[in-house]
Ligand code: CMC
């Protein structure tokens, strides 16, 4: 059936089923495979959450040990990936580096075209294991620092921070990082996941779908918002300037980054958990002024527009406090969302239909060239 009811941005349109996650704006909840994300963030490692998203169940202790061992064995960058990162100019956005590195990993995989579930699980694990090294090394080379090889005695989060900074930070910092990864892992048919599903629906390969998803995530209306939040914090300076800044920005009809959501209108279910992690970091690094700016802008935006923060609002300053460059924030989102994207790619293949919507033409009526 053809419908001419056009919904810009597919707003409110249900496109397909998914068993991976459930976003419920009415109850302000988000479930991964049935589990509330807050419970997963409180009790599970990021590795367990990745396993859950891919397999539908949390791992048994034996499955967890085997999964962790296989992830740890795949962490190191190949010389080719390191070389392609080195070749990419540092004027490029770090998201372009991640996109290029993933593209090379795909082009180098002799099994790239094999779309069995088993092969796609292996590819997903490879990307999951290698993205931290890509993100950490790109930041290091921009700072004129050497590559740090992964350590297989560390869990995912500790190793990620070790490769980025050369030391494992305090447990509170590692934990805040782990929480951010769990919260960013999956969010149903968001723009980048949908992009991955569209690409997969043509029976293209998993790496192509992930490369496209990275492109979609880069935009400031989606993943790029976490770094944009830090830019506005820098622009504002301190809490005393927040209300005046907001007034000016709204007059200019600017979108305030880190606020608003297509699905949640009464608040993003992930924000309270990430805000608690941010509070821990603010205390750990003793940065009350940052909290004050955060709170003042949030209050002003809520009072002025009734628009609430999304996950990018607390995660941007959290990554800043951990010591990441602002431009590396969205690549951190990639490292987390690779789990959700690949789960969706595999789900799409299980009951695939080419995604090919229609358009309503509103160009010139039929016309003809003058006779030659
Ligand atoms: N700042 C100012 N006004 C806003 C904002 C905002 N952040 N968000 C929504 N509005 C206004 C918007 O201008 C519109 O007003 P009006 O009806 O007067 O034109 C009204 O609220 C409805 O907004 P919309 O743009 O139709 O809503 P949408 O569902 O298309 O947009 C959004 C959702 C996320 C694109 C938007 O809220 C936005 O641009 N936010 C800032 C960017 C951002 O933080 N993105 C991260 C999204 S969540 C996590 C992620 O994916 O990374």
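Coordinate-derived values only; no laboratory data. What you see is a predicted model; the values in this text were computed from it and never measured. Methodologically, a virtual Cβ is constructed for each residue, glycine included, from the backbone with ideal geometry; neighbour enumeration extends over all protein chains shown.
Here are the numbers for the structure shown:
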quantity: Ranked by how many other beta carbons lie within 10 Å on average, peptides 36-45, 205-214, 269-278 from highest; calculated: 205-214, 269-278, 36-45
quantity: 222 nm mean residue ellipticity, helices alone, for the chain (DSSP H n ≥ 4; -39,500 (n - 2.57); rounded to 500); calculated: -18500 deg cm²/dmol
quantity: For region 225-321, the fraction of alpha-carbon pairs in successive 5 Å shells from zero, as %; calculated: 2, 14, 25, 29, 19, 8, 2, 0
quantity: Cβ-derived FRET efficiency at R0 25 Å, residue 113 paired with residue 19, nearest 0.05; calculated: 0.45
quantity: Residue of 186, 298, 350 that the Gaussian network model of the chain assigns the largest fluctuation, springs spanning Cα pairs under 10 Å; calculated: 350
quantity: Order by protection proxy (mean Cβ within 10 Å, highest first), peptides 311-317, 192-198; calculated: 311-317, 192-198
quantity: Residues 158, 70, sorted so that the one with the fewest Cβ neighbours within 10 Å comes first; calculated: 70, 158
quantity: With 20 Å bins from 0: P(r) over the chain, alpha-carbon pairs, percent; calculated: 28, 57, 14, 1
quantity: Span per principal axis, largest first, for the Cα atoms of region 1-132 (Å); calculated: 49, 45, 31
